[in-house]
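J.: Have a look at this one.
The values are calculated or read from the model by the stated rules, or taken from the named source; none is laboratory data. Just so it is clear, the structure is predicted and the values come from calculations on it, not from any experiment. All Cβ positions, even for glycine, are placed from backbone atoms using ideal geometry, and neighbour counts span all protein chains on display.
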Amino acid sequence: MSIKEKIKRTLKSIRRIGLKNKDFTIISNNCWAGASVYKYYGLQYKTPTCGLFLFSHDFIQFVKDLKAHLDAEITEIHFKDSKYQKELVEKLRGGEKMPNQLLLGNA
């Protein structure tokens, strides 16, 4: 393990000291939860939305009936087949990284 990795590991342990609850779930419309919070504290990812991106309208529908959506079968589609194809292409042109495929309960 490199010195840099040891320092990061130590910092994560120190940060966790200030957490009152280390067992929590974040529901987010993008990978913010994984990229920022769980990683920052060095905690196990406990989010059903890790690695996903949901547009605002779909995210609101998702959380309105969270249990049903979490229990629903997921359909995998290519982003070119998404109803948000135009927005995804614009994000790609802007330099944002997008997944090759989207996971949606309803394409």
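J.: For residues in the stretch 60-84 being among the hydrophobic types (A, V, I, L, M, F, W, C) and touching a strand residue (DSSP E or B) at 6+ places or on another chain (Cβ under 8 Å), which is surrounded by the fewest Cβ atoms within 10 Å (Cβ to Cβ)?
T.: Ile74
J.: Another question, if that's okay. What do you reckon, is Ser36 closer than 27 Å to Glu90 by Cβ and either polar (S, T, N, Q) or at pLDDT 85 or above (or both)? Spell out how you get there, then give the answer.
T.: On the way: closer than 27 Å to Glu90 by Cβ: yes; either polar (S, T, N, Q) or at pLDDT 85 or above (or both): yes.
When the stated conditions are applied, Ser36 passes them.
J.: Exactly one of (1) closer than 23 Å to Phe59 by Cβ; (2) over 17 Å from the mean Cα position of the chain (by Cα) is unmet by Trp32. Its number?
T.: Of (1) closer than 23 Å to Phe59 by Cβ; (2) over 17 Å from the mean Cα position of the chain (by Cα), only one is false for Trp32: (2).
J.: Write out, first by first residue and then by second, each pair whose Cβ atoms fall under 8 Å of each other, whose residues are 6+ apart or on separate chains, and whose first residue, in the stretch 78-89, is within 17 Å of Leu52 (Cβ to Cβ) while the second is modelled with pLDDT of 80 or more.
T.: Pairs found: Phe79/Gln85; Tyr84/Phe55; Glu87/Phe55; Leu88/Ser82.
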